[in-house]
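Only one structure is covered here, and it is reproduced in the block below.
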Amino acid sequence: MIKAETFVEGTKAHGFALWTGVPCSYLKPFINYVIDEPSLAYIGAANEGEAVAIASGADLGGKRAVVMFQNSGFGNTVNPLTSLNMIAKIPVLVITTLRGEPGGPHDEPQHELMGQITGGLFDLMRIPWEYFPTEESEVAAVLSRAVAHMDATRTPYGLVMKKDSVADHKLKSKAQPKPVAPFAVEPWSYGSAPLPSRRDVLAAVQRANRATDAVVATTGFTGRALYALDDRANQLYMVGSMGCASTFGLGLAWAQPARRVVVLDGDGAVLMRMGALATLGYERPKNLLHIVIDNEVHDSTGGQSTVSHSIDFAGVAAACGYPKVLRAHTAEEIEAIVRDQGDELTFVHIKTAPGESGSLPRPKETPVQVVDRMRAWLKESAQ
């Protein structure tokens, strides 16, 4: 058994600054220590995949991050780990607990199968892993192996934690509630005016962007349409990782507090991980602008309807704690909002017409090249 301090301070020596995840009783000492340590940050996520996205955004922004969760939630991470981290080469340190360990301590029945296949899941995803250290003398070597792999391959590394690997650490800090402002979103009203196209909205964003803005576009037609309008080094076209654009943007905004991050999201993507709105609404990064382009269909897969026609996204965002929530009706309104956001987390919802005029090109650059280009741009344009 090791002290939480030994491992956490060891990660600090390797430049890890952010911890994010979903609690498990095995992880309690870590989470408590990190929350109490003023030189570190902890972002609690609504689900495990969201935590991977937060950590990935932070890594792109120049800050190493640790993701931790119970293995029963491992499945939630498969989407971003396989379609974002492994494809775009974004390394994060993944710590998962081993509930339901074969031959281990008695556990609840829902952990039985996952306990048997946890290591196999890492193997299937081609992510190297080892057991979490249980002796103080092992910590430095484990971290050195993990960081060496992450630096050499730029892909994640896994640690599987058995029960009682870390000594207890009592939490001293207390979370501060962040009151939600009175519900003050203007009523839902779009009238009979023609809806703008997705491209109209994206072009407005490009016209109004600040020179130092980092733009994160959700996977599918949104990223491809943005690329078709004008490919820029400050634009990241998300691959896979459906629904993770906003939390990826949160991690990037945390790592780059002097830079605005503009997230271009879609109705289908938001619906996939709507818990992200609660995480963002609590963290409230002042430098993030979250724009949801809602055409009520899954455009890139054939135009099947989403359920956004019965959802009030702006109302949900306000209820989740976004301090500024707006409805836009035209591309011109989007342009004005992007120019004059102000210094607070802002959510913008706009309805657009479904469909695309003509075929959309796919980026010629690979996901790795897009990520590398943005990494270089972030350094060159640092404020």
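Some notes on this structure:
- Nearest-ten-degree value, helix 367-380 long axis tilted from longest Cα axis of the chain: 90
- Couplings for the stretch 55-60, taken from phi via the Karplus curve 6.51 cos²θ - 1.76 cosθ + 1.60 with θ = phi - 60°, read 4, 5, x, 5, 5, 4 Hz in order; Gly and Pro are left as x.
- Loop-located trypsin sites (Lys or Arg not before Pro) in the stretch 137-179 (DSSP state not H, G, I, E or B) with no more than 11 neighbouring Cβ atoms inside 10 Å: 170, 172, 174.
- Value of Rg/Rh across the stretch 4-161 [Cα atoms, Kirkwood radius]: 0.93
- The longest part of the chain holding none of the exposed loop chymotrypsin sites (Phe, Trp or Tyr not before Pro), meaning those outside H, G, I, E and B in DSSP with at most 14 other Cβ atoms within 10 Å, is 191-383.
- Residue-wise HN-Hα coupling along the stretch 134-144, computed from phi with Karplus coefficients 6.51, -1.76, 1.60 (Hz; x: Gly, Pro): 10, 10, 4, 5, 8, 4, 4, 5, 4, 5, 5
- Taking a ≥ b ≥ c as the square roots of the eigenvalues of the Cα gyration tensor, the stretch 1-66 is classed as oblate, since a/c reaches at least 1.5 and a/b does not exceed b/c.
- Top of 253, 228, 211 by mean-square fluctuation, Gaussian network on the chain, Cα under 10 Å: 211
- Taking 292, 368, 316 and counting other C-beta atoms within 10 Å, the order from fewest to most: 368, 316, 292
- Using the Karplus relation 6.51 cos²θ - 1.76 cosθ + 1.60 with θ = phi - 60°, the per-residue 3J(HN,Hα) values for the stretch 123-131 come to 4, 4, 7, 6, 9, x, 8, 8, 6 Hz, with x marking Gly and Pro.
- Relative to the dominant Cα principal axis of the chain, helix 198-208 is inclined by about 80°.
- Neighbour-count ranking [beta-carbon atoms within 10 angstrom, fewest first] of 72, 83, 359: 359, 83, 72
- Under 22 Å from residue 351, Cα to Cα: lysines that are on another chain or at least 8 residues apart: 324
- Close amide H partners of residue 166, meaning residues 5 or more places away or on another chain with modelled amide H under 5 Å apart, are 2.
- Comparing mean-square fluctuations of 140, 58, 45 from a GNM of the chain with C-alpha springs under 10 Å, the top value falls on 140.
- Residues 365, 37, sorted so that the one with the fewest Cβ neighbours within 10 Å comes first: 365, 37
- For the stretch 309-364 versus the stretch 215-242, the gap between their alpha-carbon centres in whole angstrom: 15
- Expected 222 nm ellipticity per residue - DSSP helices of 4 or more, -39500 (n - 2.57), all of the chain, to 500: -11000 deg cm²/dmol
Only the coordinates and a few stated rules stand behind these numbers; no lab work does. Keep in mind it's a predicted model, so treat the numbers as computed, not measured. In this analysis, Cβ positions are derived from the backbone assuming ideal geometry, glycine residues included, and neighbour counts consider all displayed protein chains.
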